[in-house]
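Below: one structure, written as C-alpha cells.
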Amino acid sequence: MVDAILSPILEQLISMAVEEAKEQVRLVTGVGKEVKKLTSNLRVIEAVLHDAEKRQVKEERVRLWLDQLRDACYDMEDVLGEWNTARFKLQIDGEDDHENDALVPKKKVCSFFPTASCFACKPLVLRRDIALKIKEINETLDDIAKQKDMFGFVVNVTNERADQRVPSISSIDESEIFGREKEKNELVDRLLCEGSKEQKGPSIISLVGMGGIGKTTLAQFAYNNVDVERNFEKRTWVCVSEPFDEFRIARAIIESLKPGYAKDLVEFQSLMQHIEECVAGKKFLLVLDDVWNEDYYKWEPFYKCLKNGLHGSKILITTRKDKVARTMRSTNVISVNVLSEIECWSVFEQLAFFDRSKEECEKLEIIGRQIVRKCKGLPLAAKTIASLLQSRNTEKEWQNILESEIWELEEVERGLLAPLLLSYNELPSKVKQCFTYCAIFPKDYDIRREELIELWMAQDYLSEKGPKEMGDIGEEYFNILASRSFFQDFYKGYGGEIYKCKMHDIVHDFAQYLCSNGCLTVEIHSGEQSTISSFGETKILHLMLTLHRGASVPIPIWDNVKGLRGLRSLLVESGEYSWSNEILPQLFDKLTCLRALKLEVREQGLYTNFIKKIPTNIEKLLHLKYLSLFGQKKIEKLPETLCELYNLERLNVDHCKNLRELPRGIGKLRKLMYLHNEGTDSLRYLPAGIGELIRLRSVRKFVVGGGYDRACSLGSLKKLNLLRDCRIRGLGDVSDAGEARRAELEKKKSLLKLGLHFGHSRDGDEERAGRRENEEDEDERLLEALGPPPNLKKLRIDEYRGRRNVVPISWFMSLTNLRFLFLFGWRNCEHLPPLGKLPSLEYLEIEGMKSVKRVGNEFLGVESDTDGSSVIAFPKLKHLTFWVMNALEELDFETAIKREIIIMPRLSSLTIWSCRKLKALPDHLLQKTTLQKLHIRRCPILEERCRKETGEDWPKIRHIPEISIG
C-alpha cells in the first residue's frame, strides 16, 4: 500500500525537476542535488516494498519500518503540494496580469515563485523553507533506506497485476442462503408462534454466533419470509452496533414506523412515549441487529414501551455474545454454528465457479475443496476467498492461494483473517489504499458510492490513466472491492447502478487493523470528553466525528494531540451539534494538511446550531481538494479567500438554502471539477468566472440571466467542454437564441446528463420577474439552439412554454442513446412528442402537462396510414409514469393502424398519479406478462375500475405481482 503513495511522489519529483531546469530556476543552491538523492532513495526502497508489505502481518518490526516510511512519504507529499501550488498560483497570476495588461504594467518575473502575497510569505523565505524540508526528509529517508538492509527483503522482480480482469459484480449482490435448514425453520416457527396468553409483552428471540457466521443473513431471510411478513402488521429493522445509542435507536424505530416524525422529538421520554403510541394495539416484529449492550438498564425503557404491542409481537436480536442475549431477557436463544463442509462448498462454488465451463470447474474442484476446508465453516470466509478466486483461472494460481503461509497465522478469529488477507494482498496497491480508507466510517455506516469515490480522489488515490477519467477509475476500484466481497448490502437506483453499500463488521475491523489507527471514528455525546486525546503521539490521518445532541466540537484536541496535525480528512456529519465562533478559525489554523473537509448537516433538529459564516482564514488549507458544506442553511455567502484554494476539486453547497452568491473570484479555482449546488434556493446567478473553469465535469445548478452584474451567461458554457452533468436554470430570462448557440452544447462530447429549466432565476416567480414577449416562440428557438450531443443518456426539460411539442426540434430524435427522460410542466403543449421512436429509452416520467387531454398514436411515433412490416414503439421502456395530468382523459392507442405494432415489450413498472379525469388504461398494457408493478393514486375513476375483486379491470391486472391502488 505504501507503494501507492511512493510511486506518484517519484513521478512528481522527476516531472517538477524537469520543469525547474526548463525555467532555469533553483530553490536554493544545492537543491537539485537533494532532489536527485531523494529520488534515488525512493527507488531503492520501492524495489523491496512488495516483500515488505507481505511480511508486515507476521513481523512487527517490518510493520514499524513501513509506518516510518509512510509518514515520510506523507511529509514529502505535503512539501511537493506546497511547491506545486506556488507554481500554479504564479501561472494564474500571470494569466490575470496578461488579461489586465492594458490597465496594469506587466511585471518582470525573476523566480517561479510569486510575490510576497503567496501564502503570506516572502518568496525567499518560502523557497528556503521548502528546500530545508526536502533536506530533512532526505535525512529521514537515509535512515529508512539503511534499516531496510536489516530485513533481507526480496527485490520485486515481477510487475503487479494492476489491470487484472474485474469479475462480474452481479453474482455477489444477493447470494443464496445455503444450508441452515434447521435454523431457518426454527426461527420462522418461533416468529409465527403466538406463545402463551399469560405472557405479557413481546417474546424476545436471540441469534447468537461469532462474527461472519451468518446471523444477519439468517435474520434477513426470516424478516422477508412471506408468512412472517403477513403475520405482522408492522415490521422494523434497526442495526444497533456499538455503542448502544438510545437516542439513535429510538429515532430509527420511530422513523421506520412513522417516517418524518422523529426529527422533532428531542427528549428521550418523548421518544419512548411515541414508540409506545406507535405499537399500541399492533402486532409488530422488531429486529435489532448486531447488539453488544450488556447493561439491562439501557434496554429496559425500550422493553417497557414495547409492551403495548398486540399479543404475538416479537423482538429478534442478533449478537456475538451469550451474555447479551441474557441481558436482553431472551426467551428463546438460537445458536448459529459454522456451516457443514457441504454447505460451505455451496457458498464457495456459487462465486468461485461463476461463468466457468464444466471442464474448468472439474479441473479446479479438488484444490477448491481443500481451500474450503481452511474456511472452517465460516460463510463470510468462503465468500471472500471465492470472490478472489473468480479472477484466477489456472491451477497454479489456486494452488498458490492454498499453500499461502497466511493460513497459519495465529490471530483472533483467524478463520476470517486469512481469507481477507489473501484477498487484500492480491489487490493492486492503489485499491488497497482505497479499501483501508473505508475504516474512517463507523460500523454499519451507509457508504454513499459517489461520495466515497470523491474522497478517494481528494487523497490522490486515483491517478488518471491516459483518456480515463479519475471518476471512472474510482468506479473501477469500487467494483473490484465489491466483487471481492469487501462491500455488501448494496442499494441500487433505477438504472441498476449501486448508490449505497455497507461493510461487514469483520471487514471493517480488518480495515482498521491494516491502517494502524490511521483512520479513526469518534462519537461524542453531550457533556462527554473526547477520546481522541488518548491517542497522544499516534499519527491520525483521517478522522470522522459524529457529534450527538448537545455535543460541541472540542477545540482543545487540536492543540493537545500532536498526531492530528497531519490530518488529511476531517468528516463531521451529524445533526444537533454546536458550533462556536472560535472553532473554525482555530481549526483552519491548525489543520493545514487537510485534503478533505466535510462540515455537513444531514439530519436537522430543533437544536441544530448551523454554521453562519466561513472564516476568511480558510485560505490556509492550501492542500484542500474536497469541501462539503451540505445542509448548512444559515450560510449566506462564502469568503473571497476561498478562491485561494488553488487545489480545490470539489465544492459541495447542496441545500445551503440561504446561500445568495458564490465568490466573484471563483474563476481562479482552475482545478475545480465538481460544483454541487442543488437546493440552493437563494442562489440567483453564478459569477462570470465560472466560464474559466475548463476542468468542470459537473454543475448541478447553472443559473443564467437574472440581470445581475458579473453574472454568467449561457455563453459562459462555451469553454466547458469536459462537462458530463449540467442542469441549466433561468432560461426564462434568456431571450437571445444566439447566446444559447454560443454555449455550443453539441460540442460537449462527454455530456451525459442535461437539465433545461425554462423558469426564471429571480424570486422563483415569473409574475414578479416579468414575462418576456412572445415567450412561446422564444422557448422554441432556445430549445432548438440548445441541442446536446447525440450520446446524451439523461435529459430533463422543465416549464417549457412552446406551443409546439418537440417534434420540430431537429436534434430531439437524434438522441439514440437516451435512457432517462423527464418532461415537467409544459403548459402549452397539447400533444405529447413521438417518444416511442427513441430506441434506448428505459425510464420516462411525464408530469404537469396541463393541456394534454389525450395520449394516442402520436405518442408511439407510428404513422396510422402507413403499410409495412411490424414496428416496435418504445422498444426498451421499463418504467412509465404519468404525474399530475389534470386534463388527461384518454390514454389509448388505436387498433386501426395498418401495420402490426409491438408496444412497450419490456414494460415492468407503470405509475399513474393524480390523473383525476383518466377513464381507463389500455388493455394491452395491463395484460402484459412483463408488468411487475402497477401503482395508481389519486385517480378516482381508475381506482374504482381496478379495485380488488370487484373492479371492472381487476381480472386484467390480478396477475401483476405488486399492485398498489388508492
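The values are calculated or read from the model by the stated rules, or taken from the named source; none is laboratory data. Just so we're clear, the structure is a prediction, and the values are computed from it rather than from any experiment. Don't worry about glycine lacking a Cβ; one is built from the backbone with ideal geometry, like all the others, and counts go over all protein chains shown. Surface accessibility is based on the protein's heavy atoms, side chains included, excluding ligands, DNA and RNA. Shrake-Rupley method; radii C 1.70, N 1.55, O 1.52, S 1.80 Å.
Once R0 is set to 41 Å, what does the formula 1/(1 + (r/R0)^6) return for the Cβ-Cβ distance between Lys719 and Ser810, expressed as a FRET efficiency to the nearest 0.05?
Working: r = 25 Å, r/R0 = 0.60.
E between Lys719 and Ser810, to the nearest 0.05, is 0.95.
Do any of Lys234/Lys258; Lys234/Lys283; Lys184/Lys323; Lys282/Lys314; Lys793/Lys837 go past 18 Å between their Cα atoms, and which?
Details: Lys234/Lys258 10 Å; Lys234/Lys283 7 Å; Lys184/Lys323 23 Å; Lys282/Lys314 11 Å; Lys793/Lys837 15 Å.
Too far apart for the 18 Å limit: Lys184/Lys323.
Label-to-label distance, His959 versus Arg61, with points set 7 angstrom from Cα along the beta-carbon direction: 7.5 nm. Rolling a 1.4 Å probe over the protein heavy atoms of segment 297-401, with every protein chain left in place, gives an accessible area that is 48 percent carbon and sulfur.
Just to verify a number: FRET efficiency for Ser335 and Tyr499, C-beta to C-beta distance, R0 = 56 Å, to 0.05?
Values: r = 36 Å, r/R0 = 0.65.
Step by step, r from the Cβ atoms, then E = 0.95.
Take the Cβ atoms of Ser270 and Lys612, set R0 to 22 Å, and the FRET efficiency comes out at 0.20.
Summarising the label geometry, the points placed 7 Å from Cα in the beta-carbon direction at Ser914 and Tyr708 lie 2.9 nm from one another.
The loop-placed trypsin sites (Lys or Arg not before Pro) in segment 595-664, going by DSSP, that have at most 11 neighbouring Cβ atoms within 10 Å of their Cβ come out as Arg602. Placing a pseudo-label 7 Å from each Cα along the Cα-to-Cβ vector at Asn658 and Glu46 gives an inter-label distance of 5.1 nm. Backbone N atoms of segment 470-510 closer than 14 Å to the 7 Å Cα→Cβ label point of Asn400 are not found in any residue.
Note on Glu181 and Ile941: the extension gain reaches 268.8 nm, defined as 0.36 nm multiplied by sequence separation minus the Cα-Cα distance. Within the straight-line cut-off of under 16 Å between alpha carbons, the lysines reachable from Lys853 are Lys917, Lys919, sequence neighbours fewer than 8 places apart in one chain being disregarded.
Charge tally around Glu943: other residues with Cβ under 11 Å, Lys/Arg +1 each, Asp/Glu -1 each, net +4.
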